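Undergrad: If you scroll down you'll find the structure; I have some questions about it.
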């Protein structure tokens, strides 16, 4: 099994293992309440790094949500240095209770990856979109259109994880990374994309259709 398909992503075990060990140590020495506290923390962290399977829609024109969470904003006429021309952008906020594994919104070839360090403002703030640490991934479709997904770290998140490299062929809904402990995802789509979600709507990575190519 591909490590990206494990029920709990491997990056989570660096947190889960010590918490589990402390749970057992305090239980062994009879400190029950402290043991219960660490047990609850272990369950919370394991839940955060969960990695469920998803039913990917077969609509060939569908652009899928790259993240679980809530739609913060929908913008038109947005410009990015990584893709040409004006775009439509959907921003998604992930809280600490959402699944944090990120998935490809569309099938294609990874043609650009750009990491940029930055601040750690709360990911639900507009300024986080411009100032926070980020990792951008561009996928070019078979017909030459570009779709950009941006992973943005939040106030608590301190590490962006990206599992893909330039030149890789990716399928719609395939896992490509994660962000630890609360963050934001943005997907930039061609300007003629028909948006399928509304502000405030809850979405699921790899399942919810956020737009359709023309």
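The values are calculated or read from the model by the stated rules, or taken from the named source; none is laboratory data. From a predicted model like this one, the values you see are computed outputs, not experimental measurements. So basically every Cβ, Gly included, is an ideal-geometry build from the backbone, and we count neighbours across all protein chains shown.
Undergrad: Might you check whether a residue that is surrounded by 14 or more Cβ atoms within 10 Å (Cβ to Cβ), touching a residue at least 12 places away in the same chain (Cβ under 8 Å) and assigned to a strand (DSSP E or B) occurs anywhere in region 162-172?
TA: yes
Undergrad: Might you let me know whether region 50-65 holds any residue that is modelled with pLDDT of 95 or more and closer than 18 Å to residue 135 by Cβ?
TA: So far as region 50-65 goes, yes, one or more of its residues are modelled with pLDDT of 95 or more and closer than 18 Å to residue 135 by Cβ.
Undergrad: Taking the conditions exactly as written (in the same structural domain as residue 129 (by TED's automatic domain parsing), loosely packed, with under 13 Cβ neighbours inside 10 Å and at negative phi), does residue 79 satisfy them or not?
TA: So residue 79 fits the description; yes.
Undergrad: Any residue at all in region 18-30 that is surrounded by fewer than 15 Cβ atoms within 10 Å (Cβ to Cβ), at positive phi, free of Cβ contacts under 8 Å to residues at least 24 places away in the same chain and out of contact with any helix residue (DSSP H, G or I) (no Cβ under 8 Å at 6 or more places or on another chain)?
TA: yes
Undergrad: Would you check if there is a residue in region 114-128 being at pLDDT below 90, in a helix (DSSP H, G or I) and either farther than 18 Å from residue 77 by Cα or more than 16 Å from the chain's Cα centre (by Cα) (or both)?
TA: Taking every residue of region 114-128 in turn, at least one turns out to be at pLDDT below 90, in a helix (DSSP H, G or I) and either farther than 18 Å from residue 77 by Cα or more than 16 Å from the chain's Cα centre (by Cα) (or both).
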